[in-house]
Structure formats: structure tokens, C-alpha cells
Amino acid sequence: MTAETDLPFDHVTDVLVVGSGGGGMTAALAAQAAGLETVVVEKSPRFGGSTALSGGGIWVPGAPSQRREGYVPDPDEVFTYLKEITGGLVSDARLRTYVEAAPEMMEFLEKRSPWLEFVWKPGYADYYPELPGGSALGSTINVPEIDLRKLGDEEQNLLAPLALAPRGIWFAPKDLRLFYQVRQSWRGKAVLLKLIWRMFRAHVFGDRMAAIGQSLAARLRLAMKQQDIPLWLNAPMTELITDVDGAVIGAVIERDGSTRRIRARRGVVLASGGFDHDMQWRMEHLPELGRVREMPGEAKDWSFGNPAAMGEGIRAGEKVGGATELLDEAWWFPAICWPDGRLQFMLNERMMPAQFVVNGAGRRFINEAAPYMDFAHAMIDGQRSGVTHIPCWLITDIRSFHRYVVGGHLPIPKVPFAPVPTGRKVPQAWLDSGVVKQGSTWEELACEIGVPAAALRETAQRFNALAAKGHDDDFNRGDSAYDNYYGDQTLPNPNLHPLGKPPYYAFQVILGDLGTSGGLRTDEHARVLRADDTVVAGLYAVGNASAAVMGRSYAGAGATIGPAMTFGYVAAQHMAGLPSPPDPAPPATEFPRTSRR
């Protein structure tokens, strides 16, 4: 950090936002709407951050899109729900602020720009819908799809998904659930036809449609352009600038090969993401991730987060006195890591009926359909017990492979040149990779995955007996509305069915994540706190640069982006209420004045 307040600044603005994900862009829109001159700087050549790579859900109980449908969750009940799942790790003040400010933030965005259109489609349950305040209808808000051509020249600057889908292939939130039911329902088959039509349109008419996180990031950027809010790409922040009292008054930015000192009259908002890909730092806080390095041939980095997320914002906050917490946490997600390093969510597979997951002892250890944070925590806790859980193995049979979407394989007749695997045979490349193992008996499969044969057979027999009965007495799989979402709705228990005849298959499950969730400690205004709970004046942190308001839990789909956007809005509101201090030194130049609409 620097404190040379007598040195001139190259530029002056009211608010400096570091990072261009959902939290950063929302903070910028809110600050500018409050009459504050605002600029956003982004270290990478692409905007959107992890928001652009995400499913695009925004968890906001009481959002206007819910109210328009006649559903108004009780704020006190939502607070009770969050209080329960966070287990005392998060202050009541932060939780209350989230519950109250999140719907307000959504209403503000809807009114601020016609690009910011939000919809609620009930049915994707909160992750703990049976808890007091939880909802089986869910509170996940989405944006409609958008043609990226509307971005104009900015389209090339949008961070692209890590795994590019074939041209024209995009899923709206409800499409995905129906797509997984392609063999069970006509609606699933209709989604397949819809995808074919989208591919046709893309090739004939040049559509460049995008949905989920891509659409959300694009819409926020279009709203920023509408309001003339500057965005600097390829402009990393290298340090924060403080005054003699330790207050943050600006930052040093690298741009166009030069170093620039930026004065931020009202404050700096760190929305720069977590430290997803700094594996050395991560393993300092969670040694179990060292398991990655013990698996020859596997990728050493299993995070789905923004490739640019290396934690610079968190470190800069620490240097000016900010405290951190939950650095051992992440938005965990069990996944498949293919030999080329490509990561694939393991979501619907854990909810399909005829499967179970075993550890290195050949035993089940959790409700396989549990929320992904819970599943991953069970992997970590199990690894600490001395039994291998990283990786673990999802066990299924050939009938399931022919009936359900497994590992991205589409259970339809073989289609030449299809963009995804099809046909009745497990791809030989999967088996050759070692990520998928095959056995004609339980003993043979056990040998392939290195678990005790007797234990695997006993586990399979026990699971089949429970599945035949229709209730998982061991782990209660299928009891929750959340469990059922991607299950087989044609069965009495959508998550249970006995495994049948061999061959049997085992899919390796690794410990992936959507990004880290620990970071700088903040208060209910998103201000960065020191270890003694005093405030680092002038410094705010939101999104994965801050310690999650969800603690070690996950309320529902969109519980990463929802808080990032909400506390970006909250930070801007707080800065707008502050007096504007005098500049410590006359600037060399200033940002052009932005319009105040």
C-alpha cells in the first residue's frame, strides 16, 4: 500500500470498482444512479468474471418477479432460514441486510435499464426446503436469453464459457431439467427438437443466442453502456492507496503500459473475485486439496471459477489492514475431470435413481442427491478420517446409461458427428481414460476402482434392497423436494431404483468448485473490517473477494451471484450517503464526467 498523499493523482472519480462480474457491475450501476462518478477496472481482457461462466441464477426471496406472480416470502422467515443454515458464522446484521436489500436491488435494476429483465420460474427448490423459511418453490431468479450481437463491438470482450457449446446450443433454466428427461417425457424430447431448431437458426440466420450467466453479464454490460459508465479492460489494480490515517483513498492501476494513480473520493469496491486458481494459497488453508497433486495425469486445478481469479483484491485488502475469514472454503461442486483437463459438473447424475456413490472403503457416505456443498463437505470430512474420498466413485449400471443423461452422454441412438456422445455403448475413450471403469461383476468393478470387493457387493445389495422398498433408510435420499428436481418423475421415489444387470460402471468424482468463498471480512454495509472489527475506511468488498454471507452453506441456486449483486448495491448506497472529502492533491487529469440520469 502507499500513503503518499502529496503525490498527484492521474485521475479522479467518486467510486472505483475493481472487477466486472455481477457484483462489480451492479455496484457501478447503483453508484452512478446515486450521482457518483464511477469507473470499473478489470484486470483481464474480458468482462463478466465468474458471473459470465455461471448458471446465471440470482437467489433473491421477495424479488419483484416473484411478487408479480403472487408469491411473497416472509422476510422474517427468510432470515430464519439463513440464520439456520449459516450456523452462527454470519452476523444477524449482514443476514438482515441481505434479506431486505436483495429485492430492493432487483427492483432498482429493473427500473434502471430495459436490458435488465428478470423472471422467476417456480419449482427449483431452495437447497433445504424442509427447514423453517425454506421454499419448495425456490427463489432463483433468472434473465431471459439474449442475442450477443446486441453487444456490438463489446461481444468480443465478454468472457466466454470454459467449455464452448456447439453454435446454437443454449439452455434456458427450465430447458436443462426437461432435457435430462429426454427418455422419460415428451417435453424432454421437445427440448431436444428445440435445440436442433436453435442450431439450424444459428447456421442460417446467424443467431448468437446466449442464456444463463452469459446473458446476465451481457445485460449488465449493456446497462452500463446505456449509462456511459467507463470500463477499463486489461487494467489490473496493483495496490491500494491510503492516507495518513489508513483510510483507502484510491488505487494504483496498470493500463496501456503505464502506472496510474486513481483517486476515489467515496471509496474503492473490491469485486475482483476469489483466489480460485492460486493452488498454493488454497492448499495452505485446505491441505486436502494436496490430493490433487497425488493423482498423476490429473489436472492440478479443479476450479470452474474465472481463470483470472488469483486473489489480488483480497491480498490488497489485507495489506491495508483488512481481516479475512473462511479461506478454507469454496463453492464446492463434485465434478468429473476428463483427461484433457475439461471439468464437468456432476449434478443430475447424483439425482438419477439407479446409482450410488462409494468412498475408498466401498461404502456410501452421504445422500448422493444432497446439495453440492454438503456433498463436497462430506468428501473433505471423509478424507480427513483417513479413508479416501477424493476421489470417490459414482456406481451405476447399463440400464441407467441407456435411460439417463450420464457424463454428458445423450441416451438416444448413435448420431454421427453429434456434438455430444450418443449411442448404446459407453464411449471407449471414457474407459481408456481411466475416469470411467467397467466391471461384469461387483468384484471385478471393485478391483478396477481399488475398493474392497466384499464391501462394494454389500453396499450394492443394501442399496438395491432400500431402492426396491422405495425409501433410503440410510441417508433419506429422495425425501427432499430438492433431491427430486433432476430425478426420474415417472418413479414413486424419483431418486431410487435398484441397479440391474451388469455391466456396471464407476465414474470418478473429484472435488471441484465454482470459486472460493472466503475472503475479506465485511460488515452489513460491505465495508472491509480489521481483526478488531474496526472499519477500513473507504474500502468495500463484495462477491468472492469477501467472506460469503452464506457462511459454509448454500441457500439455493444463485446464492453466489445474489449476494455479490446485493452487496454491490449496498456498498454503493452507503458511499452515496457519505460526504465527499476534499482531494488530497490536485489531479493531473480527471475522468470525463458521466451522465447522471
Quiz item: Check W332: other-chain or 5+ apart residues with amide H under 5 Å from its amide H, H built from backbone geometry?
Solution: L514
Exercise. Can you tell me the FRET efficiency between R342 and S185 if r is taken as the Cβ-Cβ distance and R0 is 22 Å, rounded to the nearest 0.05?
Key: 0.15
Self-check item: Those residues of region 394-423 whose amide nitrogen sits under 20 Å from the label point placed on E444, 7 Å along Cα→Cβ
Solution: 394-402
Quiz item: What is the distance, in nm, between label points placed 7 Å from the Cα along the Cα-to-Cβ direction at E110 and at K319?
Solution: 4.3
Practice problem: Using 0.36 nm per residue of separation minus the Cα-Cα distance, give me the extension gain between V387 and A576 in nm, one decimal. | Solution: 62.8 nm
Quiz item: How much length is gained on full extension from D533 to F417, taking 0.36 nm per residue of separation minus their Cα-Cα distance?
Solution: 35.9 nm
Quiz item: Hey, what D do you get for region 1-104 in µm²/s if you plug the Kirkwood alpha-carbon radius into Stokes-Einstein at 20 °C and 1.002 mPa s?
Solution: 127
Quiz item: Under unit Cβ charges (Lys, Arg +1; Asp, Glu -1), what dipole magnitude, rounded to 20 debye, does the chain have relative to its Cα centre?
Solution: 2240
Exercise. Could you please report the charge total around L82, scoring K, R as +1 and D, E as -1 over all other residues with beta-carbon less than 14 angstrom from its beta-carbon?
Key: -4
Exercise. Give a residue-ordered list of calculated ³J(HN,Hα) values for region 345-352 (Karplus: 6.51 cos²θ - 1.76 cosθ + 1.60, θ = phi - 60°; whole Hz; x for Gly, Pro).
Key: 3, 10, 10, 5, 4, 6, 9, 5
Practice problem: Leaving ligands, DNA and RNA out of it, report the carbon-plus-sulfur percent of the accessible area of the chain at a 1.4 Å probe. | Solution: 54
Quiz item: Under unit Cβ charges (Lys, Arg +1; Asp, Glu -1), what dipole magnitude, rounded to 20 debye, does region 404-515 have relative to its Cα centre?
Solution: 480
Exercise. State the extension gain, in nm to one decimal, for the chain segment bounded by D256 and Q489, taking 0.36 nm per residue of separation less the distance between their alpha-carbons.
Key: 78.3 nm
Quiz item: If each Cα of region 31-171 is one equal point scatterer, what is log10 of I(q)/I(0) from the Debye formula at q = 0.10, 0.16, 0.22 Å⁻¹?
Solution: -0.45, -1.06, -1.38
Quiz prompt | Positive dipole terminus of region 419-556, leading residue within S517, G556, A467 (C-beta point charges) | solution = A467
Exercise. Please give the FRET efficiency for K121 paired with L193, using the beta carbon to beta carbon distance and R0 = 22 Å, rounded to the nearest 0.05.
Key: 0.60
Quiz item: FRET efficiency for D92 and V72, Cβ-Cβ distance as r, R0 = 25 Å, nearest 0.05?
Solution: 0.65
Exercise. Restricting to the chain, compute how many DSSP beta bridges are antiparallel as a %, nearest 5.
Key: 70
Exercise. Putting +1 on Lys and Arg Cβ atoms and -1 on Asp and Glu Cβ atoms, find which of P339, A30, P419 reaches farthest to the positive end of the dipole of the chain.
Key: P419
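The values are calculated or read from the model by the stated rules, or taken from the named source; none is laboratory data. These numbers were taken from a predicted model, which means no experiment stands behind them. Neighbour counts run over all protein chains shown; Cβ positions are idealised from the backbone, glycine included. Heads up: the accessible areas ignore ligands, DNA and RNA and are worked out on the full protein's heavy atoms, side chains in. Shrake-Rupley method; radii C 1.70, N 1.55, O 1.52, S 1.80 Å.
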